[in-house]
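Read through the structure below, which is laid out as structure tokens, and then see the notes.
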2 protein chains.
Amino acid sequence: MSGTREKIIELGENLIRTKGYNAFSYQDISTELGIKNAAVHYYFPSKENLGTSIVKTNIQRFEEMTENMKSLGFDEWQQLDAFVKIYVKSHREQKLCIVGSLGPDYNTLSETTRAELVRMTDIILNWLTGLLTSGKAKQVFSFGEEPRVKANRIITNLMASLLLSRIIEKFDFKAVYQSVTEELRS
Amino acid sequence: MSGTREKIIELGENLIRTKGYNAFSYQDISTELGIKNAAVHYYFPSKENLGTSIVKTNIQRFEEMTENMKSLGFDEWQQLDAFVKIYVKSHREQKLCIVGSLGPDYNTLSETTRAELVRMTDIILNWLTGLLTSGKAKQVFSFGEEPRVKANRIITNLMASLLLSRIIEKFDFKAVYQSVTEELRS
DNA sequence: TCATTTACTTACTTATTAGTAAGTATATTT
DNA sequence: AAATATACTTACTAATAAGTAAGTAAATGA
């Protein structure tokens, strides 16, 4: 096993998050990996297939992370910090998140890829809502709104800040994510 | 004058905001307008050219709106409401905003289109920052953060909420934009 | 009225795309 | 040792993309 399949998924994800789904081609991947176009089709018969696999991999990664935090007994603040760190890392790597990259192309995606994107977005929003609900109940987080609305506002802050950082060089990404968390302190 | 040029710009904008920049073609436009491919190239020699014109048109529209509000003596709340309404309209039409649509494709855009997108984003962020600064000084808006950071957080809330509304059917867009404004009440 | 500009069409070209069918060398299994 | 599965390559196809050169019909201007 040379791990080509995994490399294709990783490269595909990076391409989606830097150029966008409709701007990358199988050639981009095959050239980078030093293989032929058809070799990519060997693993992923169609682009829709690859797109779906990339989203599925991301879902798995997210679920492993949250389950891991749970089993390690992370408190609400630790979990929130770990979550925010995902976006801080994306920002450092000048990448958008998967949802922010594939969302604008939603209407051009296949039904199966759409379904996975919906599932991923749901999982993230539900997880964060749960975290905020629990943190509010235990009074470790302090905020006035409904947890679901607060979750929506935090995620939109993080997602679109990655986008604006790409456009506006001096966009203060740090100020945004810091105010997101500081606001929750009581 | 048949207004073909204006129709192309309008259609192009709608295509960018529904399918994304790299997913639409001159064929999409020519077919819809009942003209030939080459006719679109007659007005806009290259796609980069069209993209740039679309962003420029949006900048003009935004500046006309803000100048108009100023000359009509709109107060801070009226101006904020008018601004939020742009996104409410986009939401109703199931479209993203131009920045949210072109941002993910930023790395695939030409230098000239990028420059206009940067300019547009700057203009909007500066305008909202100014509005929040003035509203805070007059104590008609109440918020703790720096106006620039608050502006960033409001815009990211609105932009990415359009995106999430596209993915998650039952995404509560209204709850987000209402909490954005209600939060500013003292 | 003649010349020119405007607003296109016709008919291409070149490049790139996703995708496929058939072949091959190397491991792995029986 | 023979059969088979794995991981590809070679060599394409068909579709679509952006873009162009040359032509045309109608309106406008001198």
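The values are calculated or read from the model by the stated rules, or taken from the named source; none is laboratory data. Please read all numbers here as calculations on a predicted model, not as lab measurements. Note that each Cβ is placed from the backbone with ideal geometry, even for glycine, and that neighbours are counted across all protein chains shown. Note: areas computed on protein heavy atoms with side chains; ligands, DNA, RNA excluded. Shrake-Rupley method; radii C 1.70, N 1.55, O 1.52, S 1.80 Å.
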So what are the three principal axis dimensions of segment A:43-127 from its Cα atoms, in whole Å, longest to shortest? 41, 26, 24
How far, in nm, would the chain grow between residue B:183 and residue B:78 when pulled straight, counting 0.36 nm per residue and subtracting the alpha carbon separation? 36.2 nm
Alpha carbons only, please: Rg and Dmax for the protein assembly as shown, in angstrom. 21.4, 70
With a 1.4 Å probe and ligands and nucleic acids left out, the total accessible area lost when B pairs with A, in Å² to the nearest 100, equals 3400
Shielding by partners - mean other protein chain Cβ count within 10 Å, residues of B:144-154: 4
Mean-square fluctuation check for chain B, GNM, Cα pairs under 10 Å: which of B:16, B:54, B:123 is largest? B:123
Taking the label point 7 Å from Cα in the Cβ direction, how far apart in nm is residue A:68 from each other copy of itself, listed shortest first? 5.3
What pairs in B:7/B:56; A:36/A:85; A:136/B:150; A:95/B:85 have C-alpha atoms more than 25 Å from each other? A:36/A:85; A:95/B:85
Taking every residue of B:104-116, the Cβ atoms of other protein chains inside 10 Å of its Cβ average out to 4
Of all stretches in chain A that avoid trypsin sites (Lys or Arg not before Pro) placed in a DSSP loop and having at most 14 other Cβ atoms within 10 Å, the longest is A:37-137
Largest to smallest principal axis extent of the C-alpha atoms in chain A, angstrom: 57, 38, 30
Given Cα pairs under 8 Å that are at least 6 residues apart, what percent is the relative contact order of segment A:52-182? 31
If one takes the longest principal axis of the Cα atoms in chain B, at what angle in degrees, from 0 to 90 and to the nearest 10, does the Cα axis of helix B:147-167 lie? 50
Measuring from label point to label point, each 7 Å out along Cα→Cβ, what is the residue B:37 to residue A:94 span in nm? 3.4
Rounded to the nearest Å, the spacing of the alpha-carbon centers of segment B:141-161 and segment B:36-107 is 20
